[in-house]
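Novice: Let me begin by handing over the structure; questions about it come next.
The values are calculated or read from the model by the stated rules, or taken from the named source; none is laboratory data. Owing to the predicted nature of the structure, the values given are computational and were not obtained by experimental measurement. Reconstructed Cβ throughout: ideal geometry from the backbone, glycine too, with neighbour counts over all protein chains shown. Heavy atoms of the whole protein, side chains included, go into the accessibility calculation; ligands, DNA and RNA do not. Shrake-Rupley method; radii C 1.70, N 1.55, O 1.52, S 1.80 Å.
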Amino acid sequence: MLSVREALDTLLAAARPVQDIERVPTLEANGRVLAADQASTIDVPSADNTSMDGYAVRAQDCVNGGASLRVAQRIPAGHVGEPLEPGTAARIFTGAMIPLGADAVVMQEQCELAGDTVTIRHTPKSGEWIRRTGEDIQAGAVILPAGTRLRSQELGLAASVGLAALPVRRRLRVAVFFTGDELTMPGEAPGGVLAPGAIYNSNRFTLRALLENLGCVITDFGIVPDSLEATRDTLRAAARENDLIITSGGVSVGEEDHIKPAVEAEGQLNMWQIAVKPGKPLAFGEVRRESEHGKSAFFLGLPGNPVSSFITFLLFVRPFILRLQGVTGSVEPRAWQLRADFSLPKADRRNEFLRARLNAGGGLDLFPNQGSGVLTSTVWGDGLIDNPPGRSIQEGDIVRFIPFAELQH
């Protein structure tokens, strides 16, 4: 069996980022991936300005700690003051430009105003409470490199230097379908009663939401009948307009598992057994596009058990999608070292990903049933404990914890 590391490295090495680029308004670029470096054409701040409400002064006029100065002008943000004459002060407000001749700002809490005279109860140093031109960003500096996935803070930074639009890679197009004659959609069971052997298709809801979180354009082919012909037909249709095809179920080798022969007939497939729990079976390959000779859509087949499908998506599909979207930095989640407030005496030969949650004492509690069909564990938990193969856990041990928040964006 492949290790989790080996499987992930193989996937990431195979990823081909989408090449189409479009220019979108910065206000609409949340979650998109930059296609080119973005440089600032201005200094930020564009001029020396104050970081405090107070009085702009010449430091040499305030050397005795009790100078009384005439307030000669008032400078709100967005206004330009007159040059500051010796022996005077300027009332100034946060963000306003420092007037020529002033070299310090004294915060208003250290001043006493009487009429048009201010007494400075402080000995300022030159530069005090002044933000210098270009202190944050210098004109010409790259502020956002290509391959950056844009969040709220990156959009704010782009706007701060006047970038009204940004070049981004187009959204990834992902097709999904689900195999299994036992699958039923909520609301379709007559009288709300499932037929014998039927189950609700929870994976459709889980996987679609995960793809939406990643900003993908989704084509949902729904539930496909358990037949080789139907599976092949759906693969061909899915490959025409999509970059990636994801399926759930049918990746084993039983007589009713048609994914393997269907993908092999329409492209190529690697069936992986991964040393991961829950999970294990994962199919990776490509499906030929009828309309574009020599090109293909990637294919990923996930297990049908709902927790296995959820976790293999988080571990393998999410980073693969980020690479396809053009993200060049790390696509792996951050983890924290936290205390286990439970024991797991039996070690497993596979890399376990245990559903756990933080407790009030700063440790981790374990969900009592770690079965691959127990979706309640994913709702109850705050994340996953990444437990290496062959390791038992004793209460008080430090374990590697990955929050769900790191795995679902």
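Novice: Look through the range 130-152, keep the residues that are basic (Lys, Arg) and over 27 Å from Met52 (Cβ atoms), and return whichever of them is most open to solvent (accessible area, probe 1.4 Å).
Specialist: Of all residues in the range 130-152, those basic (Lys, Arg) come to 131-132, 149, 151.
Checking which are over 27 Å from Met52 (Cβ atoms) leaves us with 149, 151.
On the way: Arg149: 52, Arg151: 119 Å².
The residue in question is Arg151.
Novice: Hey, another quick one. Condition test on Arg339, is it of a type in the set (Lys, Arg), touching a helix residue (DSSP H, G or I) at 6+ places or on another chain (Cβ under 6 Å) and more than 28 Å from Leu150 (Cα to Cα)? First the steps, then the outcome.
Specialist: On the way: of a type in the set (Lys, Arg): yes; touching a helix residue (DSSP H, G or I) at 6+ places or on another chain (Cβ under 6 Å): no; more than 28 Å from Leu150 (Cα to Cα): yes.
It is false that Arg339 is of a type in the set (Lys, Arg), touching a helix residue (DSSP H, G or I) at 6+ places or on another chain (Cβ under 6 Å) and more than 28 Å from Leu150 (Cα to Cα).
Novice: Let me confirm something: among Val63, Val80, which residue is open to solvent by 30 Å² or more (accessible area, probe 1.4 Å) and at pLDDT below 95?
Specialist: Val63
Novice: Return only the number of the condition from (1) without any contact (Cβ under 8 Å) to a residue 12 or more places away in the chain; (2) under 16 Å from Pro278 (Cα atoms) that Ala356 does not satisfy.
Specialist: (1)
Here's the yes/no breakdown for (1) without any contact (Cβ under 8 Å) to a residue 12 or more places away in the chain; (2) basic (Lys, Arg); (3) touching a helix residue (DSSP H, G or I) at 6+ places or on another chain (Cβ under 6 Å); (4) closer than 17 Å to Ser296 by Cα:
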{"position": "Ala189", "(1), (2), (3), (4)": "yes, no, no, no"}
{"position": "Pro196", "(1), (2), (3), (4)": "yes, no, no, no"}
{"position": "Ile199", "(1), (2), (3), (4)": "no, no, no, no"}
{"position": "Thr206", "(1), (2), (3), (4)": "no, no, yes, no"}
{"position": "Leu210", "(1), (2), (3), (4)": "no, no, yes, no"}
{"position": "Leu214", "(1), (2), (3), (4)": "no, no, yes, no"}
{"position": "Ile218", "(1), (2), (3), (4)": "no, no, yes, no"}
{"position": "Ala262", "(1), (2), (3), (4)": "no, no, yes, yes"}
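Novice: Just need a number here: residues in the range 344-357 that are among the acidic types (Asp, Glu) and either open to solvent by 20 Å² or more (accessible area, probe 1.4 Å) or farther than 10 Å from Ile393 by Cβ (or both).
Specialist: Taking the range 344-357 as the starting set, the residues that turn out to be among the acidic types (Asp, Glu) are 348, 352.
Checking which are either open to solvent by 20 Å² or more (accessible area, probe 1.4 Å) or farther than 10 Å from Ile393 by Cβ (or both) leaves us with 348.
Of the residues in the range 344-357, 1 are among the acidic types (Asp, Glu) and either open to solvent by 20 Å² or more (accessible area, probe 1.4 Å) or farther than 10 Å from Ile393 by Cβ (or both).
Novice: Answer yes if at least one residue in the range 316-335 is closer than 18 Å to Val276 by Cβ and touching a Gly at 6+ places or on another chain (Cβ under 7 Å), and no otherwise.
Specialist: The answer is no, given that none of the residues of the range 316-335 is closer than 18 Å to Val276 by Cβ and touching a Gly at 6+ places or on another chain (Cβ under 7 Å).
Novice: Inspect the range 392-401 for any residue being open to solvent by 40 Å² or more (accessible area, probe 1.4 Å), among the charged types (D, E, K, R) and part of a loop (DSSP other than H, G, I, E, B) and give the result as yes or no.
Specialist: Yes, the range 392-401 contains at least one residue that is open to solvent by 40 Å² or more (accessible area, probe 1.4 Å), among the charged types (D, E, K, R) and part of a loop (DSSP other than H, G, I, E, B).
Novice: Further question: I'd like to know if the range 39-47 contains one or more residues that are touching a Lys or Arg at 6+ places or on another chain (Cβ under 7 Å), surrounded by fewer than 17 Cβ atoms within 10 Å (Cβ to Cβ), farther than 28 Å from Asn242 by Cβ and of a type outside the set (A, V, I, L, M). So that I can check it myself, show each step before the final result.
Specialist: At the first step, the residues of the range 39-47 found to be touching a Lys or Arg at 6+ places or on another chain (Cβ under 7 Å) are 45.
Then drop every residue that is not surrounded by fewer than 17 Cβ atoms within 10 Å (Cβ to Cβ), which leaves none.
No: the range 39-47 contains no residue that is touching a Lys or Arg at 6+ places or on another chain (Cβ under 7 Å), surrounded by fewer than 17 Cβ atoms within 10 Å (Cβ to Cβ), farther than 28 Å from Asn242 by Cβ and of a type outside the set (A, V, I, L, M).
Novice: Something else now. Quick one: Asp341 ticks every box in (1) within 26 Å of Leu183 (Cβ to Cβ); (2) open to solvent by 40 Å² or more (accessible area, probe 1.4 Å); (3) acidic (Asp, Glu) except a single one, so which number is it?
Specialist: Of everything listed in (1) within 26 Å of Leu183 (Cβ to Cβ); (2) open to solvent by 40 Å² or more (accessible area, probe 1.4 Å); (3) acidic (Asp, Glu), Asp341 misses just condition (1).
Novice: Separate question: With the requirement that a residue be under 29 Å from Ala29 (Cβ atoms), of a type outside the set (S, T, N, Q) and buried (at least 18 other Cβ atoms within 10 Å of the Cβ), what does the range 219-251 give you?
Specialist: Correct list: Ala238, Ala239, Asp243, Leu244, Ile245, Ile246.
Novice: Shifting gears a bit: Considering only residues of the range 361-384 that are under 13 Å from Pro278 (Cβ atoms) and aliphatic (A, V, I, L, M), which is least open to solvent (accessible area, probe 1.4 Å)?
Specialist: Top of the filtered list is Leu384.
Novice: Continuing with the same structure: Can you tell me how many residues in the range 180-239 are among the aliphatic types (A, V, I, L, M) and under 27 Å from the mean Cα position of the chain (by Cα)?
Specialist: Looking only at that region, the number is 9.
Novice: Here is a further query. Out of all the residues in the range 305-338, which are open to solvent by 10 Å² or more (accessible area, probe 1.4 Å), farther than 30 Å from Asp37 by Cα and in contact with a strand residue (DSSP E or B) (Cβ under 6 Å, 6 or more places away or on another chain)?
Specialist: Trp336, Gln337, Leu338
Novice: Output the residue which, of all residues in the range 166-182 that are open to solvent by less than 30 Å² (accessible area, probe 1.4 Å) and farther than 19 Å from Thr328 by Cα, is modelled with the lowest pLDDT.
Specialist: So the residue we want is Gly180.
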